[in-house]
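Q: Let me give you the structure first, and then I'll get to my questions.
The values are calculated or read from the model by the stated rules, or taken from the named source; none is laboratory data. What you are looking at is a predicted structure, and each value in this text was computed from that prediction instead of being measured. Cβ placement follows ideal geometry from the backbone for every residue including glycine, while neighbour counts extend to all protein chains displayed.
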Amino acid sequence: MSLTLPAGLEIKAPVSPAFAEILTPDALAFVAQLHRQFEPRRRELLAARAERAKRLDAGERPDFLPETAHIRNDPSWRVAPLPKALECRRVEITGPVDAKMVINAFNSGADSYMTDFEDSNAPSWENQIQGQINLKRAIRRELALEQNGKLYKLNDKIATLQVRPRGWHLDEKHVLVDGERVSGGIFDFALFFFHNAKEQIARGAGPFFYLPKMESHLEARLWNDIFCVAQDTLGLPRGTIKATVLIETILAAFEMEEILYELREHSAGLNAGRWDYIFSCIKKFKLDRNFCLADRAKVTMTSPFMRAYALLLLKTCHRRGAPAIGGMSALIPIKNDPEKNAIAMQGIVNDKRRDATDGYDGGWVAHPGLVEPAMAEFVAVLGDRPNQWDKQRDDVTVTAADLLNFQPETPITEGGLRMNINVGIHYLGAWLAGNGCVPIHNLMEDAATAEISRSQVWQWIRSPKGVLEDGRKVTAELVRTLVPEELAKVKATGAVGKFDRAAEIFTEMSTQETFAEFLTLPLYEEI
């Protein structure tokens, strides 16, 4: 159908009557306004990322910033008070924006639902716009789904909604303003905020967001400025928006206080986004001959660098009156194997018990079946208190050396190498077919875990420490030998996906000379 578009805006994709509900002239004018005002700064910040990456490749080690020491050393500032809807976040469930997931997550019994336009969602045009429709209808209690003879509809009591737009590095290729692609993050945020902010406020909640992939406080400042303009444009008081930042890059870990400070009027705390964090460490130190991590399964939240990061995040948040939310274990229920299921459930319990005991205010799960055991661990520690903001961790001291203490380095096994290849092919194949959240080998995989798989293989090939337990060096030739075997295993599962193409992409990206910054950037051009 033909749309009336604002001057200078083009849509390079089909717009059905249902999509026109979201892609209204006023909403698109809002997208164009934010793009024109803020796209130059986004480009500058992405260029600054690239420059920093070159310095790290040349051997620079990150440290806390001397120019912002006054922010860290000032004990007086706090983030603004939170609305009632965000005071209790013991369990947050996450997942993509398809209708079934949206309904099940809202109904899961979790305190909060982070709906995801990013890592667990393959960003096809259909997924992005249908996701906006699903959320708009859910907020108004109009979303229902009939599938395989079963009716899915919202309960009377539902979780508090938080929305994760795409990161700064991602474009929305189907929408151009003045001939330029718009930022995927601005596009996702603008459409959701324009259509739903006032409705959410009227229903006792508000426009709450999760912000991914940031590498500096200047990137947080950009989001804060966008929030100010967005609220002014819609006539809402500044501070209405609240946003939790995922600390999922090693560089952001050195700027956690500054990130809270930049967003202090709009901050809803920080989250320990563990999988992207591990990927970020591999990416940023990929050329360091002394850097090498063991099999992915051996790198846990108790590894020295992960433990330091988790405790520093907790201390930072509570010092500034902000929630600290734990990241997500990839474990999921295993329906057909009671023994394996018991082990998985114990893993979830241990993960949430550690977070709750440390002082975290809540944690993430990826499956409705995990809400109850995760909730039990936080209730056991918190009792009837909504959070642990009063638990200051003055006993915690974390140095730059602690954040950079990358252990364990061993073992690297053939099984671990094969698992990386297998997961990479399986996930990429599903993503190319439109599914960004995939259970593989009894773990919930998304773009972040797939990034670990391919970046780890790339780094093992190049690192002198990339040696298997049996003494064989990990090489491009070895990887190319194993790919067909793992491809056959993936196909034998009966899973749906474009696996032959995925195997080609995985092989190329893990063995090519230059390291691709993000797996999803070249993939996006194929969907």
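Q: Can you go through Glu87, Glu92 and tell me which one is within 30 Å of Phe378 (Cβ to Cβ), in the same structural domain as Val182 (by TED's automatic domain parsing) and within 19 Å of the chain's Cα centre (by Cα)?
A: Glu92
Q: Within 18 Å of Ser455 (Cβ to Cβ) and either surrounded by 23 or more Cβ atoms within 10 Å (Cβ to Cβ) or not hydroxyl-bearing (Ser, Thr, Tyr) (or both): which single residue out of Phe254, Phe305, Phe227 fits that description?
A: Criteria check complete, one pass: Phe305.
Q: With Ala230, Ala310, Ala294 as the choices, which residue is closer than 22 Å to Leu45 by Cβ and modelled with pLDDT of 95 or more?
A: None of the others qualify; the one that does is Ala230.
Q: Any residue in region 373-390 that is crowded, with 16+ Cβ neighbours inside 10 Å sitting within a Cβ distance under 7 Å of a residue that is at pLDDT 95 or above and hydroxyl-bearing (Ser, Thr, Tyr)? List the pairs, counting only those 6 or more apart or interchain.
A: Val381/Thr357
Q: May I pose another question? Could you list, in sequence order, the residues of region 298-344 that are assigned to a strand (DSSP E or B), touching a Phe, Trp or Tyr at 6+ places or on another chain (Cβ under 7 Å) and among the aliphatic types (A, V, I, L, M)?
A: Ala324, Ile325, Met328
Q: Are there any pairs with C-beta distances below 8 angstrom linking a residue in region 325-341 that is in the same structural domain as Phe209 (by TED's automatic domain parsing) and within 30 Å of Glu87 (Cβ to Cβ) to a residue that is among the β-branched types (Val, Ile, Thr) and surrounded by 16 or more Cβ atoms within 10 Å (Cβ to Cβ), with the two at least 6 apart or on different chains, and if so which?
A: These pairs meet every condition: Ile325/Thr244; Met328/Thr94; Met328/Val365; Ser329/Ile348; Ser329/Val365; Ala330/Thr449; Leu331/Ile348.
Table: residues versus (1) buried (at least 24 other Cβ atoms within 10 Å of the Cβ); (2) hydrophobic (A, V, I, L, M, F, W, C); (3) in the same structural domain as Tyr113 (by TED's automatic domain parsing).
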| site | (1), (2), (3) |
| --- | --- |
| Glu180 | no, no, yes |
| Phe194 | no, yes, yes |
| Lys198 | no, no, yes |
| Leu218 | no, yes, yes |
| Trp223 | yes, yes, yes |
| Ile241 | yes, yes, yes |
| Leu260 | yes, yes, yes |
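Q: For region 482-490, indicate whether the set of residues that are outside any helix (DSSP H, G or I) and touching a residue at least 12 places away in the same chain (Cβ under 8 Å) is non-empty.
A: Of all residues in region 482-490, those outside any helix (DSSP H, G or I) come to none.
No - not one qualifying residue is present in region 482-490.
Q: For region 496-503, check the following and say yes or no: at least one residue is buried (at least 18 other Cβ atoms within 10 Å of the Cβ) and without any contact (Cβ under 8 Å) to a residue 60 or more places away in the chain.
A: no
Q: What do you reckon, is Gly204 surrounded by fewer than 24 Cβ atoms within 10 Å (Cβ to Cβ) and at pLDDT below 95? Spell out the reasoning first.
A: Details: surrounded by fewer than 24 Cβ atoms within 10 Å (Cβ to Cβ): yes; at pLDDT below 95: yes.
Yes: the conditions hold for Gly204.
Q: What residue, of Ile325, Ile343, is on the phi < 0 side of the Ramachandran plot, buried (at least 24 other Cβ atoms within 10 Å of the Cβ) and among the β-branched types (Val, Ile, Thr)?
A: Only one candidate passes the filter, namely Ile325.
Q: Which residues, counting only those in region 145-179, are closer than 24 Å to Ala122 by Cα, in contact with a strand residue (DSSP E or B) (Cβ under 7 Å, 6 or more places away or on another chain) and among the aliphatic types (A, V, I, L, M)?
A: Residues satisfying the conditions are Leu145, Ala159, Leu161, Val163, Val175, Leu176, Val177.
Q: Hey, Val396 hits all of (1) closer than 27 Å to Met256 by Cβ; (2) under 25 Å from the mean Cα position of the chain (by Cα) but one; which does it fall short on?
A: The one condition Val396 does not meet is (2).
Q: Just for strands (runs of 3 or more DSSP E) wholly inside region 126-185: which have at least 1 residues that are basic (Lys, Arg)? Walk me through how you get there before you give the answer.
A: Numbers: elements: 144-147, 150-153, 160-164, 171-177, 180-183.
Correct list: 150-153, 160-164, 171-177, 180-183.
Q: If we keep just the residues of region 510-527 that are at pLDDT 95 or above and not in a loop (DSSP other than H, G, I, E, B), which is farthest from Val438 (Cα to Cα)?
A: Across region 510-527, the extreme among qualifying residues is Thr511.
Q: Does any residue in region 286-312 that is within 18 Å of Glu257 (Cα to Cα) come within less than 6 Å, Cβ to Cβ, of a residue that is of a type in the set (Lys, Arg) six or more places away or on a different chain, and which pairs are these?
A: Every condition considered, no pair remains.
Q: Report those helices (runs of 4 or more DSSP H) wholly inside region 345-453 carrying at least 2 residues which are at pLDDT 95 or above and closer than 27 Å to Ile334 by Cβ.
A: Where helices (runs of 4 or more DSSP H) fall fully within region 345-453 and carry at least 2 residues being at pLDDT 95 or above and closer than 27 Å to Ile334 by Cβ, they are 371-382, 414-432.
Q: Inside region 267-289, can you point out the residues that are surrounded by fewer than 24 Cβ atoms within 10 Å (Cβ to Cβ) and not in a helix (DSSP H, G or I)?
A: Phe285, Lys286, Leu287, Asp288, Arg289
Q: While we're looking at this one, here's another question. Look through Val371, Val365 and report the one residue that is under 23 Å from Ile247 (Cα atoms), among the aliphatic types (A, V, I, L, M) and either touching an Asp or Glu at 6+ places or on another chain (Cβ under 8 Å) or not assigned by TED's automatic domain parsing to the domain that holds Thr94 (or both).
A: Of the residues listed, the single one that is under 23 Å from Ile247 (Cα atoms), among the aliphatic types (A, V, I, L, M) and either touching an Asp or Glu at 6+ places or on another chain (Cβ under 8 Å) or not assigned by TED's automatic domain parsing to the domain that holds Thr94 (or both) is Val365.
Q: Being surrounded by 12 or more Cβ atoms within 10 Å (Cβ to Cβ), free of Cβ contacts under 8 Å to residues at least 60 places away in the same chain and closer than 15 Å to Ala503 by Cβ is the filter here, so list the residues in region 465-481 that pass it.
A: Ala476, Arg480
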